[in-house]
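Q: Take a look at this one; I'll ask things after.
The values are calculated or read from the model by the stated rules, or taken from the named source; none is laboratory data. Note that the structure is a prediction, hence the values are computed from the model and not measured. Reconstructed Cβ throughout: ideal geometry from the backbone, glycine too, with neighbour counts over all protein chains shown.
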Amino acid sequence: MSVPGRPILEYRDASHVLQVEPWGSDSVRVRAARHAVVDDLPGALDRPASDGEAVVEDAEADGQRLIVGELTVTLDRSGSLRFTRTSSGAELTREVPGHFAWPGPRAFTANGDGYYRIEQRFAAYDDERIYGLGQHQHGRLDQKGLVLDLVQRNAEVSIPFLMSSRGYGMLWNSPAVGRVELAANGTRWVADSSRQLDYWVTTGRKPMDLLKDLQRATTQGLIVDRGTSRAFANKTTSIFGFSHALFHKALYDQLLSGQKLFLHQQCFEMLKTELATTMQLMGESHASKIDPSYVRDLPHGYY
């Protein structure tokens, strides 16, 4: 179906309602709820969906397709979604049911007071490698085969965004405690207590394309004017604790030269302060061995 101003895919059955809508270039947002999708819940995707070129087409026996640039989403008659690259038709990922009878790809188990334990399942691929998802102590670059808790702990930063070697990125757009299971027989996202399911999918030729799409979809008002200076605020960071180096590199690349200079100067001042504190803690006997001029003489372009 379509709504004024923006085409969407929609599916309803006795268990839930599903909506798929364009959300940035080559990207879509998928939401599902037991009765009705709500717009004002906590999450990173808090700005209106972009008005990029998108179209809904009939997919004959397959149901309907939503085409957003290089990303095509097919909604079949059973309510399952399949994500493909528009130019080649190559499958990126697809939803799969938990069982041929029940549950389907999405499951809602009531916790009470309008909250549910929510599960979302996707297919597994033998040749797939998965990167991202934060900073953990397991020492693995490829996250495939792991089960990761979606909770913040000391020395553990949970970032519910992954990048796949198949050419897609996925953000689990929920601050709820849960987990992601990247098993050989399927991928499953779990939110222990949430009001609705919400995830975002994008595609690109390179990992940095995926990160830049994420940056555009989640960082409304990244730079805020305050007199002659600027303050940097990232809503995604405040909600999810984002500290992934590549993610911040994508943000950095979007800054104007003056904004980069301001950031360099702030880092420069922090480095000087940290050096002074270190020298004080080391005491006079050791501090004399450190030449502070190496900080003073650093160019303001240092970062």
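Q: May I ask you to list the residues in the stretch 101-139 that are assigned to a strand (DSSP E or B), under 30 Å from residue 90 (Cβ atoms) and among the aliphatic types (A, V, I, L, M)? Let's see the steps before the verdict.
A: Filtering the stretch 101-139 down to residues assigned to a strand (DSSP E or B) leaves 106-112, 115-122, 130-135.
Pick out the ones that are also under 30 Å from residue 90 (Cβ atoms) and you get 106-107, 118-122, 130-134.
Within the stretch 101-139, 107, 118, 130, 133 qualify.
Q: Turning to a different aspect of this structure: May I ask you to list the residues in the stretch 193-207 that are charged (D, E, K, R) and touching a Lys or Arg at 6+ places or on another chain (Cβ under 6 Å)?
A: Correct list: 198 only.
Q: Please specify each residue of the stretch 140-183 satisfying the condition of being farther than 25 Å from residue 90 by Cα and either outside any loop (DSSP other than H, G, I, E, B) or not assigned by TED's automatic domain parsing to the domain that holds residue 197 (or both).
A: Result: 147, 148, 149, 150, 153, 156, 157, 158, 159, 178, 179.
Q: Further question: For residue 59, all conditions in the list (1) surrounded by 17 or more Cβ atoms within 10 Å (Cβ to Cβ); (2) at pLDDT below 95; (3) of a type in the set (Gly, Ala, Ser) hold save one; what is the number of the exception?
A: Only one criterion is unmet by residue 59, namely (1).
Q: Can you spot a residue in the stretch 50-63 that is part of a strand (DSSP E or B), under 21 Å from the mean Cα position of the chain (by Cα) and closer than 25 Å to residue 207 by Cβ?
A: No, because not a single residue in the stretch 50-63 is part of a strand (DSSP E or B), under 21 Å from the mean Cα position of the chain (by Cα) and closer than 25 Å to residue 207 by Cβ.
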